[in-house]
């Protein structure tokens, strides 16, 4: 659900009341017709909230004789704060109104404290809404969960999980027996080996062929298989 939250302001002078409300309505229309759709295209699953600040300042602007004022976002790339430029041709004037944006996306957060090195699973996480401006790193979502990864540090309850807070788990440990798969085109050869160091998925590690005792570098595929490409 999309929500626009506008900051209310008391307008003290009756002479400026009609104009201030009219200008606010035009900005409100701009938000609904331009800014909300634009941000929703970028953040497809987000709830967009836009707050206009310092609305009382609109009361001091000259009345615009044109049918509509011109409105533009001065920082369309902004996530948190921007300014809308509002202007009139007759009489000619220009002003700016500060804007605060909240872009809330459903993301995965901890439901219990998670210790460093502990595996992240569905049982210790849940979905919650988070403002992306408060995050560092890429957040994990239902479509891209962090399940199976391990915490790179101690995580408090209600911490939204990003790629900066997780590591790949160690699949192969030094001394583990592994199956070495060597492939070259359509030819595939498999042999037994021993891992000479720890490795995470996709990492190149040293492995010793137990038959030839030759030491090679192979990529970790699973917790029991490494791959060599020739």
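The values are calculated or read from the model by the stated rules, or taken from the named source; none is laboratory data. All values reported here derive from a predicted model rather than from experimental measurement. Ideal geometry is used to build each Cβ from the backbone, glycine not excepted, and the neighbour counts take in all protein chains shown.
Each row is one residue, and each column tells you yes or no for (1) in contact with a helix residue (DSSP H, G or I) (Cβ under 7 Å, 6 or more places away or on another chain); (2) assigned by TED's automatic domain parsing to the domain that holds residue 42; (3) on the phi > 0 side of the Ramachandran plot; (4) modelled with pLDDT of 95 or more.
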{"residue": "64", "(1), (2), (3), (4)": "no, yes, no, no"}
{"residue": "69", "(1), (2), (3), (4)": "yes, yes, no, no"}
{"residue": "85", "(1), (2), (3), (4)": "no, yes, no, yes"}
{"residue": "88", "(1), (2), (3), (4)": "no, yes, no, no"}
{"residue": "110", "(1), (2), (3), (4)": "yes, no, no, yes"}
{"residue": "123", "(1), (2), (3), (4)": "no, no, no, yes"}
* To do: Could you grab me the full set of residues in region 204-214 that are buried (at least 17 other Cβ atoms within 10 Å of the Cβ) and within 39 Å of the chain's Cα centre (by Cα)?
  => 205, 207
* What number of residues within region 158-169 satisfy the criterion of being surrounded by 13 or more Cβ atoms within 10 Å (Cβ to Cβ) and not in a loop (DSSP other than H, G, I, E, B)? -> 6
* Asked: Does at least one position in region 73-94 carry a residue that is over 22 Å from residue 26 (Cβ atoms) and assigned to a helix (DSSP H, G or I)?
  -> no
* **Meets criteria (touching a residue at least 24 places away in the same chain (Cβ under 8 Å), exposed (fewer than 15 other Cβ atoms within 10 Å of the Cβ) and under 23 Å from residue 199 (Cβ atoms)) for residue 117** => yes
* **Among the residues listed as 172, 139, 99, the single one being closer than 30 Å to residue 195 by Cβ and either surrounded by 14 or more Cβ atoms within 10 Å (Cβ to Cβ) or out of contact with any strand residue (DSSP E or B) (no Cβ under 9 Å at 6 or more places or on another chain) (or both)** => 172
* Asked: Residues 41, 35, 77: which one is crowded, with 16+ Cβ neighbours inside 10 Å, out of contact with any helix residue (DSSP H, G or I) (no Cβ under 8 Å at 6 or more places or on another chain) and at pLDDT 90 or above?
  -> 35
* To do: Might you let me know whether region 215-225 holds any residue that is outside the structural domain of residue 111 (by TED's automatic domain parsing), assigned to a strand (DSSP E or B) and exposed (fewer than 14 other Cβ atoms within 10 Å of the Cβ)?
  => yes
* residue 156, sole failed condition from (1) closer than 30 Å to residue 48 by Cβ; (2) in contact (Cβ under 8 Å) with a residue 24 or more places away in the chain; (3) touching a strand residue (DSSP E or B) at 6+ places or on another chain (Cβ under 6 Å) -> (3)
* To do: Just name the residue that is farthest from residue 127 (Cα to Cα) out of those in region 142-157 that are over 12 Å from the mean Cα position of the chain (by Cα) and loosely packed, with under 12 Cβ neighbours inside 10 Å.
  => 156
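Return a yes/no flag: does region 124-132 have any residue that is more than 18 Å from residue 58 (Cβ to Cβ), assigned to a helix (DSSP H, G or I), more than 21 Å from the chain's Cα centre (by Cα) and free of Cβ contacts under 8 Å to residues at least 24 places away in the same chain.
no
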